[in-house]
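Worksheet for the structure shown next.
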Amino acid sequence: MESSRKRKPELDLEEEEEEEEEEGASIPVLAPYSDDDENDNGVAESEEEDVGFQKPAAPRRRQVEVRRDCPYLDTVNRQVLDFDFEKFCSISLSNLNVYACLVCGKYYQGRGLNSHAYTHSLEAGHHVYINLQTEKVYCLPDGYEINDPSLDDIRHVLNPRFSREQVLHLDENRQWSRALDGSNYLPGMVGLNNIKETDFVNVTIQSLMRVTPLRNFFLVPENYQHCKSPLVHRFGELTRKVWHARNFKGQVSPHEFLQAVMKASDKRFQIGVQSDPVEFMSWLLNTLHMNLRHSKKKNKSIIHDCFQGELEVVKESHKKPLIEKKESNEEQNKMVTADDEGTNGVVKETSTVPFLMLGLDLPPPPLFKDAMEKNIIPQVPLFNILKKFDGESVTEVVRPCIARMKYRVTRLPKYLILHMRRFTKNNFFIEKNPTLVNFPVKNLELKDYIPLPPPKENMKMRSKYDLIANIVHDGKPGEGVYRAFVQCKSEELWYEMQDLHVTETLPQMVALSEAYMQIYEQHE
């Protein structure tokens, strides 16, 4: 910020006003481009009207001429334009008042005399620049604004827009788009660039893009314009770029989103360090919820509407708890009953706990090898490991104290996230359980395997789910790579996604993989 303030005397007067505006707003609210600030003569008037001689100290603002034609428009090179990276000047590293050169694609600050963009226009002979915030296009060093509809496609790539009508019919689109290099891509099914060991982020994003209400919410920036969190706005921008049908490239780079993640997580998740998609998914959903929740309804947000369910947890422990005052909590109501019949004094504690994902325990793999000296890879049906949540099966836990736990699902979410606990850590190394889980891709009927509460009056029991995303881990524990299988609703096909690689696959192949995390969608 200081570097840009030092530059202020060098910038033009209109630059100063734009800079002040940008300093005041930490998160810009994206607005469509309009020509409302032009008068009848095609000349853009300054945003503050000239007040004549009332303020003799204030210098007179010069008006910016608006032209319909520009002799340099044929120098614009769409092949080099990339708006996926952070909007910083390539020289001053300031994010205030940044322009992109439409000839070479580099970012420069300011357009006044002696500014970086102005100097670049003289040195390189590149004359067409777009302001990355206002989306206005200027010709430098002449200084006039260019108003030509042929530049609208560039504005759409810089800031993709969706009408509410388009959002509603997005899942019906079967039309493929063509990138500038001639390759075809299906909007929503585009690869994500792996910047450096960020495949754990890519598979999480690709999976969440299949959650229709979440996607539709983030495609319309007005839904979260009140939010000041950069993470929310970057996630929204990434969602719009993934689903945009007029991209110049058939892939998207999540660079700006990753920078926001690093800042919001205090570098818990960062570029160049492999992390766990389950941990990342949990952190991302909770952080987005905290930033988006309504001021009136503390625990209402699009995240909880999609993913939140409820569990009844019964905890049996031998240790009598100390009598302590428990603060009343909306989310958790606890009832403690001491069972004094046994000599051990077993204490039962029943609580209702909200959840965003359910963790499933895999049976331990066999220690023996077969005749070919190869490890036998066991298989287990999904229904066997779902019995953990039937309210009868006992799970032994050691932390925070030794206890017997029983779990029962009391409310199912619209989108159910399951994760298989494949990795166990001890003091020496991380171990991976290779057990294959057999699961149905369609029509997972939960009420047949776990008892569910009866539906309310006039309501139908909704316990049938379809798989929409499946995250897989390949390779050794602590290393390896992640890939995702996702369903395309418009074509009812499955695609395998590994960073930039997007290939169509069969539903049978999805079920043969080492599933690590899954998202199921409830039947309407």
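The values are calculated or read from the model by the stated rules, or taken from the named source; none is laboratory data. This structure is a prediction, so every number in the text was calculated from the model and none was measured. Positions of Cβ are backbone-derived with ideal geometry, glycine not excepted, and every protein chain shown enters the neighbour counts. With ligands, DNA and RNA removed, areas are computed over all heavy atoms of the protein, side chains included. Shrake-Rupley method; radii C 1.70, N 1.55, O 1.52, S 1.80 Å.
Some points to look at:
- Peptides 398-407, 273-282 ordered by average Cβ neighbours within 10 Å, highest first: 273-282, 398-407
- Think of a 1.4 Å ball rolled over the protein heavy atoms: the stretch 375-524 then has 54 Å² of accessible area per residue.
- On the basis of the beta-carbon distance and an R0 of 22 Å, residue 124 and residue 78 show a calculated FRET efficiency of 0.80.
- Reduced Cα scattering model of the stretch 362-496, Debye log10 I(q)/I(0), q = 0.17 Å⁻¹: -1.21
- Highest average packing first - 353-359, 378-384, 244-250, Cβ atoms within 10 Å: 244-250, 353-359, 378-384
- Label-to-label distance, nm, for residues given as residue 474 and residue 183 (7 Å Cα→Cβ offset): 1.8
- Heavy-atom surface analysis with a 1.4 Å probe gives the stretch 160-296 a carbon and sulfur content of 48 percent of its accessible area.
- In this simple spin-label approximation, residue 462 and residue 448 carry label points 7 Å from Cα along the Cα→Cβ vector, and these lie 2.1 nm apart.
- Using a probe radius of 1.4 angstrom, the carbon and sulfur fraction of the accessible surface of the stretch 411-495 is 51%.
- Shown in residue order for the stretch 403-419 are the 3J(HN,Hα) couplings computed by the Karplus curve 6.51 cos²θ - 1.76 cosθ + 1.60 at θ = phi - 60°: 7, 10, 10, 10, 10, 9, 6, 9, 8, 8, x, 5, 10, 9, 9, 10, 9 Hz (x for Gly and Pro).
- Vicinal HN-Hα couplings computed from phi for the stretch 501-509 (Karplus, 6.51 cos²θ - 1.76 cosθ + 1.60; Hz; Gly/Pro x): 8, 10, 10, 6, 9, 8, x, 5, 5
- HN-Hα J in Hz across the stretch 379-393 - Karplus 6.51, -1.76, 1.60, θ = phi - 60°, x for Gly and Pro: 10, 9, x, 4, 5, 5, 7, 6, 5, 3, 9, 8, x, 10, 5
- Filter on 263/425; 425/447; 348/456; 228/414 - keep pairs with C-alpha separation over 31 Å: 425/447
- The calculated FRET efficiency for residue 263 paired with residue 398, based on their beta-carbon distance and R0 = 45 Å, is about 0.80.
- Surrounding net charge for residue 215, when Lys and Arg each add one and Asp and Glu each subtract one, Cβ distance under 11 Å: +2
- Sorted peptide list for 459-470, 423-434, criterion being average Cβ within 10 angstrom, highest first: 459-470, 423-434
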